[in-house]
Amino acid sequence: MLIALTRAVPPSIDRCELTHLERTPIDYARAAEQHDRYEAALAALGCRVERLPDAPDLPDSVFVEDTAVVFDELAVIARPGAVSRRGEVTAAMAALERYRRVACIEAPGTLDGGDVLVTERRVFVGDTPRTNADGARQLAALIAPLGFDVVRVPVTECLHLKSSVSRLPPVRASRFAGQAPLRGSAASARHALLISRAWIDAAPFDGFDVIDVDSTEPAAANVLTIGDCVLCAEEYPRTRGVLDARGFVTRSVPAGELAKAEGGLTCGSLIFDAVDARPV
Ligand code: CIR
């Protein structure tokens, strides 16, 4: 059973943090309706959606991904780089303690979950204003015993690492039938990655099957993979087409309102398997 932790869009969303975008009005009702559709899509894909308690005065609280990174054996509670977001982690920690052993990133470390891309054995951590070297070092120490190594990746063109690169399901040979094999595709059944090279250098991901977003959609790299399905933003149909053409199973939801707050599809949930849950 997959659990998806989510949180309501707060009425204060128009006071959200912004780094790379100009502030434009966010239609609260529309954002809330799009988030409802996102949650419905998660449920349709087999998740049990658990909403954290509302946090009306925390403008970015809908973006629960940034509050933690969940591994099978451990949940690492983040320490968001934006001071305005630090209060968000309490509710995430309370929820995660029901399912996992937890460990916290401590000051002076900072870490946003959106900067952490977990692959089979390697965890990529964005070097951003939100995630500092100490936060990355603490994460590395916590997950080394679980068999993960950590690679830092410089990010300058977008908010988080996962704004520019996100995980796809593992490649199957049939997805590449009739096309030149991708770099690394013969090497393993690793997850493929969807990447926006306009925003990030692909070199750190050497050895992975890397699929490019459509060049007219640089903001389309943040997709949410659940099992074999890739949830895409409706606003980026060409990139969805790229994935469809490769044989991936895709679905889409509208995500334009929260995109004005620099949120993408992974940002709205923390998804993990309850099978590995510790007894409550
Ligand atoms: C922020 O700047 O923190 C929010 N406005 C957007 C956070 C998006 N979260 C994510 O990419 N994981």
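Of all residue pairs spaced 6 or more apart or on separate chains, those with beta-carbon atoms under 7 Å, a first member in region 30-57 that is more than 24 Å from MET1 (Cα to Cα) and a second member that is open to solvent by 40 Å² or more (accessible area, probe 1.4 Å) are PRO56/PRO11. Hey, could you check region 173-187 for residues that are more than 22 Å from VAL123 (Cβ to Cβ) and open to solvent by 60 Å² or more (accessible area, probe 1.4 Å) and say which is modelled with the highest pLDDT? Only one residue fits best here, namely ALA173.
How many residues, within region 133-172, are touching a Leu at 6+ places or on another chain (Cβ under 8 Å) and modelled with pLDDT of 95 or more? The qualifying residues number 16.
Selection over region 188-205 of residues that are open to solvent by 10 Å² or more (accessible area, probe 1.4 Å), at pLDDT 95 or above and not aliphatic (A, V, I, L, M) gives a count of 4.
Here VAL102 fits the description: over 21 Å from THR225 (Cα atoms), of a type outside the set (Lys, Arg) and open to solvent by 20 Å² or more (accessible area, probe 1.4 Å). If you go through region 92-117 and keep only what is more than 25 Å from PRO169 (Cβ to Cβ), within 16 Å of the ligand (Cβ to nearest atom) and of a type outside the set (Val, Ile, Thr), you end up with ALA92, LEU111.
Yes or no, residue by residue, for (1) over 26 Å from LEU21 (Cα atoms); (2) not in a strand (DSSP E or B):
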{"site": "ILE200", "(1), (2)": "no, yes"}
{"site": "ILE211", "(1), (2)": "no, no"}
{"site": "THR225", "(1), (2)": "no, no"}
{"site": "CYS232", "(1), (2)": "no, no"}
{"site": "THR250", "(1), (2)": "yes, no"}
{"site": "GLU257", "(1), (2)": "no, yes"}
{"site": "ILE271", "(1), (2)": "yes, no"}
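Please specify each residue of region 5-28 satisfying the condition of being in a helix (DSSP H, G or I) and either within 24 Å of LEU161 (Cβ to Cβ) or open to solvent by 70 Å² or more (accessible area, probe 1.4 Å) (or both). Those that are in a helix (DSSP H, G or I) and either within 24 Å of LEU161 (Cβ to Cβ) or open to solvent by 70 Å² or more (accessible area, probe 1.4 Å) (or both): PRO11, ILE13, ASP14, ARG15, TYR28. Within region 18-32, one or more residues are farther than 21 Å from ALA136 by Cβ and among the acidic types (Asp, Glu). Picking from residues in region 118-130 that are part of a strand (DSSP E or B) and more than 11 Å from the ligand (Cβ to nearest atom), the one that is surrounded by the most Cβ atoms within 10 Å (Cβ to Cβ) is VAL125.
Selection of first residues in region 150-173 that are among the acidic types (Asp, Glu) and of second residues that are open to solvent by 40 Å² or more (accessible area, probe 1.4 Å) and within 15 Å of the ligand (Cβ to nearest atom), restricted to Cβ pairs under 6 Å at least 6 apart or on distinct chains, gives the following pairs, ordered by first then second residue: GLU157/TRP199. Go through ARG86, ARG48, ARG37 for me and flag whichever is under 19 Å from the mean Cα position of the chain (by Cα), within 16 Å of the ligand (Cβ to nearest atom) and either surrounded by fewer than 21 Cβ atoms within 10 Å (Cβ to Cβ) or assigned to a loop (DSSP other than H, G, I, E, B) (or both). Within the list ARG86, ARG48, ARG37, the selection yields ARG86.
Applying the condition of being outside any loop (DSSP other than H, G, I, E, B) and under 16 Å from TYR99 (Cβ atoms) to region 66-82 and asking which residue is most open to solvent (accessible area, probe 1.4 Å) yields VAL70. Looking across region 51-61, the residues that are farther than 16 Å from LYS162 by Cβ and either in contact with a Leu (Cβ under 7 Å, 6 or more places away or on another chain) or in a loop (DSSP other than H, G, I, E, B) (or both) come down to LEU52, PRO53, ASP54, ALA55, PRO56, ASP57, LEU58, PRO59, SER61.
The values are calculated or read from the model by the stated rules, or taken from the named source; none is laboratory data. All figures in this text were calculated on a predicted structure; none of them were measured in a lab. Heads up, the Cβs are rebuilt from the backbone with ideal geometry, glycines too, and the neighbour counts pull from every protein chain shown. Remember, those area values only see protein heavy atoms, side chains included, never the ligands or the DNA or RNA. Shrake-Rupley method; radii C 1.70, N 1.55, O 1.52, S 1.80 Å.
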